[in-house]
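Reviewing the structure listed below.
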Amino acid sequence: MKNVVKRFIDITKIGRCSYKSDIMKEYLITLAKKLNYSVDVDSYGNILAKKGNPKIALQAHYDMVCVGDAPDIELIIEDNTIRAKNSSLGADNGVAIAMMIELMSQGVEAEFLFTNDEEVGLIGAKNLNLNISSPYMLNLDSEEEASVYVGCAGGADIVASFSGDLINIDNSYNFYKVSVAEQKGGHSGVDINKDIPSAIKILSNFLTDNNIEYLSTIKGGERRNSIPANCYCILATKSKLYDVDNIEVEKLDGRFNVFKDSRDIIELIESFPHGVILENHEFNIPDISINLATIESINRTIEFIATARAMSEDRLKDIVKESINILKSYNFKVKIEDEYPAWRPDINEFTKIVEKSLKKVFKKCDTKAIHAGLECGVLSQKLPNCKFASIGPNIYYPHSKDEYVEIESIEKTYMAVEEIVKSVLNQP
């Protein structure tokens with residue numbers, strides 16, 4: 001099992017940010033061929049390594065969310081944890097890749113599907129063009145040990161823009177740079193119910209509380225699927241402003257053009273929903289949520305991205321429609337990008353095999369759904385005759401600089417993966 005941890009450490013040295021994962025792709029292709037697996041690659045960078053007449057496929061994505069200094073990752077290994085210094089770690093989904101490589105090194109007869117650009121909208125899975133024949137697929141992208149996931153949220157990115165007039169204002173106004181920095185951040189799905197502050201919302205509250213008249217520049221958020229950790233703006237007001245908790249204020253000497261419609265822009269940011277909209281009591285997770293992910297002014301244009309999630313298709317459509325209506329009421333142009341389906345919870349013969357294997361290793365197993373996008377949602381539509389389940393080790397605060405993984409959890413989860421594979425392969 002310690003081999004898996006070592007393989008993960010090796011993987012952290014390979015650059016694999018979303019959209020920039022070619023080095024990792026070539027590494028996986030070369031390794032699979034060296035281990036005598038047949039290899040197919042489609043035009044979106046998805047890789048299928050295969051040996052024998054497999055009964056099971058294992059799947060993970062090889063790109064990662066790069067925050068902070070990533071992809072230059074400096075590891076901190078202490079006690080039972082691995083984390084990174086000033087960057088995301090990439091345990092999501094690097095640990096899974098390490099597990100799959102370890103199984104391949106043992107010559108396991110299975111299909112190993114490495115998908116690409118999952119973190120930027122399940123792009124690889126949506127465009128998968130590879131022939132997968134296994135009746136079962138084990139996804140390794142979950143982040144809680146001793147749990148089998150049987151369903152996930154669907155999601156959509158709501159992309160909006162507004163082009164307004166820039167004007168000059170008289171010298172009675174003072175200009176300030178106001179910054180909210182180094183908030184905790186986190187995954188906009190699994191962490192959305194953990195009361196993690198949004199830097200964009202902290203700033204908008206400040207702007208509203210101080211009755212700010214004009215905005216010149218605003219920029220906030222890091223990734224579409226992350227809770228914003230940083231945000232700043234340049235504003236104009238006749239009032240004097242001072243630092244407050246989490247907010248740094250710097251008076252500027254220069255003069256700047258400002259948005260004529262600044263009041264409406266501030267009102268929109270303040271009023272736009274963020275967080276959990278509805279709870280799912282069956283699985284004790286959010287049922288509907290929305291994350292105001294990024295906002296940025298570029299010349300005369302304000303660009304705005306929010307990520308909506310829901311555990312059913314109907315509710316996803318509803319929250320997207322409501323968000324569009326709010327944005328259009330402020331004269332924003334809106335389009336939907338990177339929409340992906342929910343994976344409706346399904347307990348079947350394969351999930352029971354997975355549950356039994358987890359109980360053998362952990363002495364317990366919980367059946368759950370997750371308020372995030374797993375590739376199972378997309379892949380289950382492409383492979384309607386395949387049964388799916390998802391597991392993973394304890395990974396905390398993915399998509400942030402606080403991300404860490406428990407070493408013991410990696411080792412025990414890999415034991416469970418071996419047990420699942422063995423159980424399937426031993427079936428008549």
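Read-outs: derived from the displayed coordinates by stated rules, not from any lab. All of these numbers come straight from a predicted model, not from anything done at the bench. Heads up, the Cβs are rebuilt from the backbone with ideal geometry, glycines too, and the neighbour counts pull from every protein chain shown.
Under a GNM of the chain (C-alpha, springs under 10 Å), which listed residue has the highest mean-square fluctuation: 254, 186, 94?
Residue with maximal mean-square fluctuation among 254, 186, 94: 254.
Report the relative contact order of region 156-340, percent, no decimals, based on alpha-carbon pairs under 8 angstrom and at least 6 residues apart. Numbers along the way, then the final one.
Working: 414 pairs, mean separation 61.5, N = 185.
That works out to 33 percent.
Give me the net charge for the shell around residue 29: Cβ to Cβ below 11 angstrom, other residues only, Lys and Arg +1, Asp and Glu -1.
Numbers: positive: 25, 33, 34; negative: 22, 26, 40.
Value of the local net charge: 0.
Summing +1 for each Lys or Arg and -1 for each Asp or Glu, what net charge is found among the other residues whose Cβ lies under 11 Å from the Cβ of residue 59? Could the numbers behind the result be given before it?
Working: positive: none; negative: 111, 118, 141, 375.
Summing Lys and Arg as +1 and Asp and Glu as -1 gives -4.
Scan around residue 61 for amide H atoms under 5 Å from its own, H built in the peptide plane at 1.01 Å from N, and keep only partners 5 or more places away or cross-chain.
Long-range HN contacts for residue 61: 115.
Using a 7 Å offset from the Cα along the Cα-to-Cβ direction at both residue 181 and residue 22, what is the distance between the two label points in nm, to one decimal?
Placing both labels 7 Å along Cα→Cβ, they lie 3.4 nm apart.
For region 128-225, run through the GluC sites (Glu not before Pro) and keep only the ones in DSSP coil with at most 14 other Cβ atoms within 10 Å of their Cβ.
Details: sites: 143, 144, 145, 182, 213, 222; in loops: 143, 144, 145, 182, 213, 222.
Sparse-neighbourhood loop GluC sites (Glu not before Pro): 182.
So if each residue of separation counts as 0.36 nm, and I subtract the Cα-Cα distance between residue 282 and residue 205, what length gain in nm does that give?
Values: separation 77, 0.36 × 77 = 27.72 nm, distance 3.36 nm.
Between residue 282 and residue 205, full extension yields 24.4 nm more.
As I understand it, the value is the acute angle between the Cα axis of helix 262-271 and the longest principal axis of the Cα atoms of the chain; what does it come to in degrees, rounded to 10?
Orientation of helix 262-271: about 40 degrees from the principal axis.
Just to confirm a number: summing +1 for Lys and Arg and -1 for Asp and Glu over residues other than residue 390 whose beta-carbon lies under 11 angstrom from that of residue 390, what do you get? All intermediate terms of the calculation are to be shown ahead of the outcome.
On the way: positive: 368; negative: 141, 143, 144, 375.
Local charge sum for residue 390: -3.
How large is the dipole of the chain about the Cα centre if only Lys and Arg carry +1 and Asp and Glu carry -1, each at its Cβ, rounded to the nearest 20 debye? Please report the intermediate quantities before stating the final value.
Numbers: 49 positive and 64 negative charges, 177 e Å.
Computed charge dipole of the chain: roughly 840 debye.
Could you give the angle, 0 to 90 degrees to the nearest 10, between helix 313-329's Cα long axis and the longest principal axis of the Cα atoms of the chain?
20 degrees
Please report the spacing between the Cα centers of region 351-403 and region 213-278 in Å, no decimals.
38 Å
For the chain, can you list the cysteines whose C-beta has no other cysteine C-beta under 4.7 Å from it?
152, 231, 233, 365, 376, 386
Run down the lysines and flag those whose C-alpha is under 19 Å from the C-alpha of residue 177, throwing out any fewer than 8 positions away in its chain.
Candidates past the 8-residue exclusion: 201, 219, 238, 240, 251, 260.
Compare the Cα positions of 96, 353, 342 along the charge dipole of the chain (+1 at Cβ of Lys, Arg; -1 at Cβ of Asp, Glu; about the Cα centre) and return the one farthest towards the positive end.
353
Among 197, 384, 393, which one moves the most in a GNM of the chain with springs linking Cα atoms closer than 10 Å?
384
Between residue 313 and residue 171, take the C-beta separation as r, use R0 = 51 Å, and let me know the FRET efficiency to the nearest 0.05.
Details: r = 55 Å, r/R0 = 1.08.
Approximately 0.40, to the nearest 0.05.
Just 316, 31, 215 to compare: in a GNM of the chain, with alpha carbon springs under 10 Å, which one fluctuates most?
Top of the fluctuation ranking is 31.
Pairs of alpha-carbon atoms within less than 8 angstrom and 6+ residues apart define the contacts here; what relative contact order does region 202-304 have, in percent? Please report the intermediate quantities before stating the final value.
Details: 144 pairs, mean separation 32.8, N = 103.
Relative contact order for region 202-304 comes out at 32 percent.
Short version: ³J(HN,Hα) in whole Hz for each residue of region 172-189, in order, from phi by Karplus 6.51 cos²θ - 1.76 cosθ + 1.60 (θ = phi - 60°), x for Gly and Pro, what are they?
Coupling constants for region 172-189: 6, 8, 9, 9, 9, 9, 10, 10, 10, 10, 6, 6, 5, x, x, 6, 6, x Hz.
Near the amide H of residue 294, under 5 Å away, which other amide H atoms are found, from residues 5 or more places off or on another chain, if H is placed in the peptide plane?
Residues meeting the criterion, in which the H sits 1.01 Å from N, are 305.
Extension gain residue 130-residue 423, at 0.36 nm per residue separation less the Cα-Cα distance, in nm? Walk me through the intermediate numbers first.
Working: separation 293, 0.36 × 293 = 105.48 nm, distance 2.54 nm.
Contour length minus Cα-Cα distance gives 102.9 nm.
Using helices alone, what [θ] at 222 nm do you get for the chain, with -39,500 (n - 2.57) per DSSP H run of 4 or more residues, divided over all residues and rounded to the nearest 500?
Details: 10 runs with 121 residues, N = 428.
Theoretical 222 nm ellipticity from helices: -9000 deg cm²/dmol.
Report, in degrees rounded to the nearest 10, the 0 to 90 angle that the Cα long axis of helix 199-209 makes with the longest principal axis of the chain.
Taking the Cα atoms of the chain, the angle to 199-209 is about 20 degrees.
Using only alpha carbon pairs under 8 Å that are at least six residues apart, calculate the relative contact order of the chain and give it in whole percent.
24 percent
At a Förster distance of 35 Å, what's the computed FRET efficiency of residue 109 paired with residue 42, Cβ-Cβ distance as r, to 0.05?
Details: r = 22 Å, r/R0 = 0.63.
Calculated value: 0.95.
Which whole-Hz couplings ³J(HN,Hα) result when phi for each residue of region 54-70 is put into the Karplus expression 6.51 cos²θ - 1.76 cosθ + 1.60, θ = phi - 60°, listed in order with x for Gly and Pro?
Once rounded to whole Hz, the list reads x, 9, 9, 10, 10, 9, 7, 9, 9, 8, 9, 7, 9, 10, x, 7, 4.
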